[in-house]
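Visitor: Have a look at the structure that comes next, please.
Read-outs throughout are calculated quantities, based only on the coordinates presented, and are distinct from any laboratory measurement. Everything numeric in this text was worked out from a predicted model, so none of it was measured. Reconstructed Cβ throughout: ideal geometry from the backbone, glycine too, with neighbour counts over all protein chains shown.
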Amino acid sequence: MAECKECGAKLGFLSRSGDLCLDCAAAAFKAGEGARREAARLDALEQTQEATQNREAAISAVLLTTETTPNLKITKRIEIVTAEVAYGMNIFKDLFVAVRDVVGGRSEAVQETMRDARRTALYELKKEAHSVGANAVVGVDLEYVNLSGSGNMVMLVASGTAVIIEDEGQ
């Protein structure tokens, strides 16, 4: 009588020699299915990461505070684009700002919040430019607005003209 090659259990006469019993066959099937699912999940994750990197590369528009530059030729002006970012200072930052206001000095917490706001606003401005088909934004301007009616919040507005540029060095 044949035995299961996995667990050694006796197999019935209808089983082929060297086969698995029903329990071992089911476990092997589940393990194989799990491996296939994991491989599919990893493949989907890799595709998502690649798509994100491609999108980030496409969004990496040129940002200029001036209207022109000698090595770039503007071939088309598309439209004005803006990005708004509102940041709130939490209670702990507010306390430290109040202390700094009395004793003097710089508030690193507020500076870091303002840096984050600037980075986020410029990234959002690039996304806006990309969404209208531009590869650059010229005449970029940053405006900080204190939203006093809503506690201690600061809004940063970034604006500029979305354009298509051609690198004259090519």
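Visitor: Assuming R0 = 45 Å, what is the FRET efficiency of ILE164 and LEU22, from their Cβ-Cβ distance, to the nearest 0.05?
Guide: E between ILE164 and LEU22, to the nearest 0.05, is 0.10.
Visitor: How much length would be gained if the chain were fully extended between THR69 and ASN146, taking 0.36 nm per residue of separation minus their Cα-Cα distance, in nm to one decimal?
Guide: My answer for the length gained is 24.4 nm.
Visitor: Excluding ALA129 itself, calculate the net charge of residues whose Cβ lies under 13 Å from the Cβ of ALA129, where each Lys or Arg counts +1 and each Asp or Glu counts -1.
Guide: That works out to +1.
Visitor: Straight distance only, please: which lysines reach the Cα of LYS126 with their own Cα at less than 30 Å, same-chain residues fewer than 8 apart left out?
Guide: LYS126 reaches LYS73, LYS76, LYS93.
Visitor: Now for a different question. If I take R0 = 25 Å and measure r between the Cβ atoms of ARG115 and VAL62 in this structure, what FRET efficiency does the formula 1/(1 + (r/R0)^6) give, to the nearest 0.05?
Guide: 0.75
Visitor: What net charge do the residues around GLU143 carry, taking every other residue with its C-beta under 13 Å from that of GLU143, with Lys and Arg at +1 and Asp and Glu at -1?
Guide: -1
Visitor: For labels at ALA35 and THR48 in the simple 7 Å Cα→Cβ model, what's the distance in nm?
Guide: Result: 2.4 nm between the two label points.
Visitor: Can you tell me which lysines have their Cα less than 30 Å from the Cα of LYS10? Leave out same-chain residues fewer than eight positions away.
Guide: Within the straight-line cut-off, LYS10 pairs with LYS30.
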